[in-house]
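Colleague: Pasting a structure here, questions to come.
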Amino acid sequence: MRHWATHPLGIPGLSLHRLSIVLHRSSYWHYLFDFNTALCGVLRELQGVQTLAIVRNDALVKGTLHTWYNRFVKLVLKVDHAERFLKSPPAPESRWWSWSYCERAQTVELRILPAKPKALQREAYDLLVAPLQEALRLSMDSEVEDPDPMSRVSVGL
């Protein structure tokens, strides 16, 4: 996906209502955390996709899909803040997304929204993202513990 530039599959004329990424079901683990930064960058510029869905498909996901989702959303918010207020010149997103996680279906859905205004003052921005941060906090509070005992083993013991 990081090689697509701004369009799905790198095809400028392609316009999709829904693009689903279905994780491969096998005995191998998916390390989704490895792709958070690249996916965050893709979403800031992606055009031609209304909804991006990630479907677990009973695949083995290191951690859990819910934990990955929460960390990904946290990164999206962190990058958005940094690009808007800590970068000179500022680089606000050209696309914004709503996000949702469905425990029952084991899916993550990202739906395109209009970008936030480019010239938001810090106080207005904080008010705009406060509900998103609170929803993230509640979602993180509801995470279940990673079933992999190796995830809790401390290095160097």
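The values are calculated or read from the model by the stated rules, or taken from the named source; none is laboratory data. Computed from a predicted structure; not experimentally measured. No Cβ is skipped: glycine too gets one built from the backbone with ideal geometry, and neighbour counts run over all protein chains shown.
Colleague: Quick check on Ser88: is it at pLDDT 90 or above, over 29 Å from Glu143 (Cα atoms) and among the hydroxyl-bearing types (Ser, Thr, Tyr)?
Modeller: yes
Colleague: OK, next. Determine whether segment 52-66 contains at least one residue that is in contact with an Asp or Glu (Cβ under 7 Å, 6 or more places away or on another chain), free of Cβ contacts under 8 Å to residues at least 60 places away in the same chain and surrounded by 15 or more Cβ atoms within 10 Å (Cβ to Cβ).
Modeller: yes
Colleague: Hey, Glu145 hits all of (1) at pLDDT 95 or above; (2) exposed (fewer than 10 other Cβ atoms within 10 Å of the Cβ); (3) of a type in the set (D, E, K, R) but one; which does it fall short on?
Modeller: Of everything listed in (1) at pLDDT 95 or above; (2) exposed (fewer than 10 other Cβ atoms within 10 Å of the Cβ); (3) of a type in the set (D, E, K, R), Glu145 misses just condition (1).
Colleague: What residue, among those in segment 67-115 that are among the polar types (S, T, N, Q) and in contact (Cβ under 8 Å) with a residue 40 or more places away in the chain, is farthest from Leu39 (Cα to Cα)?
Modeller: If we take residues in segment 67-115 being among the polar types (S, T, N, Q) and in contact (Cβ under 8 Å) with a residue 40 or more places away in the chain, then Gln106 is farthest from Leu39 (Cα to Cα).
Colleague: How many of the residues making up segment 8-54 are modelled with pLDDT of 85 or more, more than 23 Å from Leu113 (Cβ to Cβ) and assigned to a strand (DSSP E or B)?
Modeller: 1
Colleague: Exactly one condition in (1) modelled with pLDDT of 95 or more; (2) among the small types (Gly, Ala, Ser); (3) in contact with a Ser or Thr (Cβ under 6 Å, 6 or more places away or on another chain) is not met by Ser100; state its number.
Modeller: So Ser100 meets the others, but not (3).
Colleague: So how many residues does segment 74-99 have that are exposed (fewer than 14 other Cβ atoms within 10 Å of the Cβ) and either of a type in the set (D, E, K, R) or under 20 Å from Arg18 (Cβ atoms) (or both)?
Modeller: Matching residues across segment 74-99 total 3.
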